[in-house]
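To keep things clear, I will list the structure first and then write my remarks on it.
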Amino acid sequence: MKIGIIGGGIIGLSAAYYLTKAGHKVTIIDKGNLKQGCSFGNAGMIVPSHFIPLAAPGMISKGIRWMFNSESPFYVRPRLSSELLRWGYLFYKSANKEKVSKSIPALKELSLLSKAHYREWANDLPFDFGFHERGLMMLYQTEETEHEEAETAHLANQYGIEAKILNPDEVQALEPDVKVKVRGGVYFPGDAHLTPQVLMNNLIKHLMTEGVELVDNTEVTGFEVNQDSVELVKTTKGNFEFDHLVLATGSWSGMVGKALQLDLPMQAGKGYSFTLDAVEKNIRIPSIFVEARVAVTPMGNTLRFGGTMEISGINHDINMNRLNGIVDSIPRYYPDMNVHLPKKENVWHGLRPCTPDGLPYIGRSTKLSNLTVSTGHAMMGLSLGPASGKIVSQLVQNEKTSMDISAFSPSRFSS
Ligand SMILES: Cc1cc2nc3c(=O)[nH]c(=O)nc-3n(C[C@H](O)[C@H](O)[C@H](O)COP(=O)(O)OP(=O)(O)OC[C@H]3O[C@@H](n4cnc5c(N)ncnc54)[C@H](O)[C@@H]3O)c2cc1C
């Protein structure tokens, strides 16, 4: 088949990888240059440990507390937007124990499947993308967080995700080169990490050598849709015809989806990162400063700090106050690490595609027979990319999917 994929982030590329392997002719259309999107500068963590979706009990009260602090890690910019109001209402309806305990098994399975595919990629792909299976540490400093993290660790073990509660000495033993100041940590040995921009750049090159056509700097502006299929994709550089279309447009999926009769509530969750080069004494295990919501990942001899979640619409403003919040947190956890506020031009930002219930949208359209959706992976798009790509290829080919994907139905919020 001739397959068009709109969106060349990790989700679109992963779908292209499996569809090309299955023998299809794939074209990826992206409005950008495929060098700067959300999939490039993220924290590179592969996180089966993150089996609880973002819309969880407690998030709303935390979010409200954080909203009044300009350096806080979470922020919703109040706007008169019916889409934001609806998204907020659906988030509120999803953030309860019953919904979350239904979501956990699906998210966990997708995550574990994806990590297994990353292992295969590390063996099969002709380039090294810095994939390491050294686990992840959640580092905390307060008693309140200790209780919350211990609860998560117990739940993780119940679901078969190994989690070990560590005292400060045990944390320090895992980080021999960098002093760590914490009350304790939870270690998830099953997590992994990679260098996202190396993966993305090389995957793009690899897909092109495998025959994938890349149409960059080309925005999809509309579609010609007949009763039950997409006939034509309209772009700023002319029209395209495909046998099957895959929508992988990340934070823009709500808008693009509307023209395809899809109801995909979505908000962009902006995050920032910056990377220190040539770090002499680096950490070994990717870690999250839990109270500060900052992710820290060693990538070779570089060290990346990432954080904040700003639900402030689609915009590319960089709020240096929040960068300050990230930088200020570093010596609280790594007291010997002296990090200065990066210059604005050295700050990367990305827009995480956030659904109201914290689960992605993966599935075939119920209205248009030649349309498949894979988007809304929020904080875990890098982690969930390969499994989502594999499932998209199975859906396009009408094959049985690797797992039950009913929890990810793209029509779950449609009335
Ligand atoms: C600070 C930060 C840290 C993160 N850390 C991690 C992490 O450690 N682990 C993890 O798993 N995830 C992490 N994430 C999340 C992860 O980066 C995202 O979930 C993932 O990149 C989303 O991929 P995507 O392909 O869906 O979207 P994108 O990468 O945004 O790709 C979507 C593409 O669609 C294109 N597009 C949109 N509309 C159109 C149109 N009309 N026409 C043509 N093209 C269009 C866009 O140009 C874009 O390139 C992090 C995110 C941030 C911001």
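Side notes on the structure shown:
- Highest average packing first - 87-93, 252-258, Cβ atoms within 10 Å: 252-258, 87-93
- Label-zone membership for the stretch 273-299, site ARG332, 7 angstrom Cα→C-beta point, backbone N under 14 Å: 288-295
- Dipole magnitude for the stretch 62-184: about 780 debye, using +1 per Lys or Arg Cβ and -1 per Asp or Glu Cβ, origin at the Cα centre.
- Residues LYS108, LYS179, arranged from fewest to most other Cβ atoms within 10 angstrom of their Cβ, appear as LYS179, LYS108.
- Each of GLU144, GLU291 has some number of other Cβ atoms within 10 Å of its Cβ, and from fewest to most they run GLU144, GLU291.
- Rel. contact order, % - alpha carbon contacts under 8 angstrom, at least six apart, the stretch 2-408: 27 percent
- Inter-site label distance for ASN239 and LYS205 at 7 Å from Cα along Cβ, in nm: 3.8 nm
- Centre separation in Å (Cα based) which lies between the stretch 180-231 and the stretch 62-134: 15 Å
- Tail weight of P(r) past 42 Å, computed on alpha-carbon pairs of the chain, percent: 9 percent
- Burial ordering of ILE52, ILE28, fewest other beta-carbon atoms within 10 Å first: ILE52, ILE28
- Distance between the 7 Å Cα→Cβ label points at SER402 and THR302: 2.7 nm.
- Spin-label model, ASN167 to GLU143: label points 7 Å out along the Cα-to-beta-carbon direction sit 1.8 nm apart.
- The chain, dipole about Cα centre (Lys/Arg Cβ +1, Asp/Glu Cβ -1), debye to the nearest 20: 660 debye
- 3J(HN,Hα) couplings calculated from phi for the stretch 76-88 with the Karplus curve 6.51 cos²θ - 1.76 cosθ + 1.60 (θ = phi - 60°) are, in sequence order, 10, 6, x, 9, 7, 10, 5, 5, 5, 4, 5, 4, x Hz; Gly and Pro show x.
- Extended-chain gain in nm, criterion 0.36 nm per residue less alpha-carbon gap, LEU80 and LYS179: 31.0 nm
Read the figures in this text as sums done on the coordinates, not as results from a lab. Just so we're clear, the structure is a prediction, and the values are computed from it rather than from any experiment. Counting neighbours? That spans all protein chains shown, and the Cβs are built from the backbone with ideal geometry, glycine included.
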